[in-house]
Amino acid sequence: MKIEQVMWLHEEHELLLEELCELSGLSETELRELVDYGVLAPIDSDAGHWSFTADRLVLARSARRLRRDLDLDPHGVALVVTLLERVRDLETELRDLRARLPGGGAG
Amino acid sequence: MKYKDYYAVMGVERKASAEEIKNAYRKLARKYHPDVSKEKDAEEKFKQLGEAYETLRDPEKRAAYDQLGSHRPGQEFRPPPGWERQFGGGSFSFDDIDLGDLFAGMMGGHRAGRRGGKVSIPGEDYEVTAHIALEEAYRGTEVDLELTVPEYDESGLAHRVRRAFKARIPKGATDGQRLRLPGKGGKGLNGGRDGDLYLNIALHPHRLFRASGHDLFLDLPLAPWEAVLGTSVEVPTLGGSVRLKVPPGTHAGRQLRLAGRGLPKPHGGAGDLFAIVQIAVPAVTGERERALFKELAEASTFNPRGHFAQEAAK
């Protein structure tokens, strides 16, 4: 059986604006809105041609699904995505603290 | 074809109004949306909800669905005679057709004939969680994946096919890491690009190590005298055991860092391993041990609670 190669979605991989649109299913307008609302930030916002770190694709896809499935307007999407990011950050912090506790916080 | 009770999925009555159906969708979507929900099986439940809503929100699809009658969910059934001519736009075999695919392919109450269309439709993306052991993340591994994706026949009707393949997860992954397998999702239509498969990496809990990002944490129990006098201990790591020097006067909770002994990072380097000191208290049963501890207690001027008295004196 052929073994499939994977692509990392992390900070060291970059995606162009068009690539992020194509892969997330968001239109360029929608993506620019998310940037305007401060949900997504290009690597260099002064650059003529925007690019993003690949981990942002996870967030952009999430935004697309929320808009499509929950019938949210752009402000609503921005708010939900921002809150989800906060939840994710807190979960990461919680996992880190648990890892540091003797017994993993279990006993 | 297997029957699905879309009204039951949405928790509404068969005579529910369009407004009631919409409200039920909104309520359940908030509960089960995979991006928001922590419910078990949220993904699957949301998929069922979406399928039910897509059919019931459209008056013509709903009418077509209602004419199928009411059956037990999962029960094999055949549409009433003439149904496919009225709604399907042709006759075809229903044997291996998924009810959801049948309605998804309808437009305005008639089958859209996806293949003949001019609009290119990108293939659907899929998400799968791959559970791997910490050792596998350390070395890199291969995972077996299986997906059920729709494929379209000449008449544009979807058939569910199982696709199995192996994916190589290079070393460097950690908990929550996302990977993308380009083109491994659903097939695109009319020149649309193929969908992607997204892998979410989840680490199995390990007996010894706890991961946070690429750093690892390990409990290191020390005997009281080892902590006081200092020692050198053998510590397990994912790359084999190493010697760790414990300095004299090491207190409980101290994190001794073993640089670069954590999980490898995707582009070189590695996280660290932290050994967290715990003072293990022996169950003293021997006469001699007990006598030595008593002697120590009498000889020592150490007061671990000196700061209590200082606070009280203020």
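If A:Trp50 passes every condition in (1) closer than 22 Å to B:Gly185 by Cβ; (2) out of contact with any strand residue (DSSP E or B) (no Cβ under 6 Å at 6 or more places or on another chain); (3) of a type in the set (Phe, Trp, Tyr) but one, which one does it miss? If we test A:Trp50 against (1) closer than 22 Å to B:Gly185 by Cβ; (2) out of contact with any strand residue (DSSP E or B) (no Cβ under 6 Å at 6 or more places or on another chain); (3) of a type in the set (Phe, Trp, Tyr), just (1) comes out false.
Listed conditions (1) under 20 Å from the mean Cα position of the chain (by Cα); (2) exposed (fewer than 14 other Cβ atoms within 10 Å of the Cβ); (3) among the small types (Gly, Ala, Ser); (4) under 30 Å from A:Gly104 (Cβ atoms) are all met by B:Ala164, apart from (4).
With respect to B:Gly249, determine if the residue is within 14 Å of chain A (Cβ to nearest Cβ), in contact (Cβ under 8 Å) with a residue 12 or more places away in the chain, in a loop (DSSP other than H, G, I, E, B) and over 30 Å from A:Glu12 (Cα atoms).
no
The residues listed here are B:Leu199, B:Leu216; of these, the one that is outside the structural domain of B:Leu292 (by TED's automatic domain parsing), closer than 17 Å to B:Leu134 by Cα, of a type outside the set (Val, Ile, Thr) and surrounded by 19 or more Cβ atoms within 10 Å (Cβ to Cβ) is B:Leu199.
Total residues in the range B:289-308 satisfying the condition of being loosely packed, with under 10 Cβ neighbours inside 10 Å and of a type in the set (A, V, I, L, M, F, W, C): the figure is 3.
Can you tell me which residues in the range A:11-24 are closer than 19 Å to A:Thr82 by Cα and outside any helix (DSSP H, G or I)? Correct list: A:Glu11 only. Going by what's in this entry, would A:Asp69 be described as assigned to a loop (DSSP other than H, G, I, E, B), touching a Phe, Trp or Tyr at 6+ places or on another chain (Cβ under 9 Å) and at pLDDT 90 or above? For A:Asp69, the condition - assigned to a loop (DSSP other than H, G, I, E, B), touching a Phe, Trp or Tyr at 6+ places or on another chain (Cβ under 9 Å) and at pLDDT 90 or above - is not met. For the range B:38-53, the count of residues that are assigned to a loop (DSSP other than H, G, I, E, B), in the same structural domain as B:Arg85 (by TED's automatic domain parsing) and touching a residue at least 12 places away in the same chain (Cβ under 8 Å) is zero. Taken together, the criteria place B:Thr174 among residues that are touching a helix residue (DSSP H, G or I) at 6+ places or on another chain (Cβ under 9 Å) and of a type in the set (Val, Ile, Thr). All of (1) within 9 Å of another protein chain (Cβ to nearest Cβ); (2) surrounded by fewer than 17 Cβ atoms within 10 Å (Cβ to Cβ); (3) of a type in the set (Val, Ile, Thr) hold for A:Thr82 with one exception: (1).
In the range B:183-204, the qualifying residues are those that are assigned to a loop (DSSP other than H, G, I, E, B) and within 8 Å of chain A (Cβ to nearest Cβ), and the one that is farthest from the chain's Cα centre (by Cα) is B:Arg193.
The values are calculated or read from the model by the stated rules, or taken from the named source; none is laboratory data. The structure displayed is predicted, hence computed values, not measured ones. Note: ideal-geometry Cβ built from the backbone for every residue, glycine included; neighbour counts use all protein chains shown.
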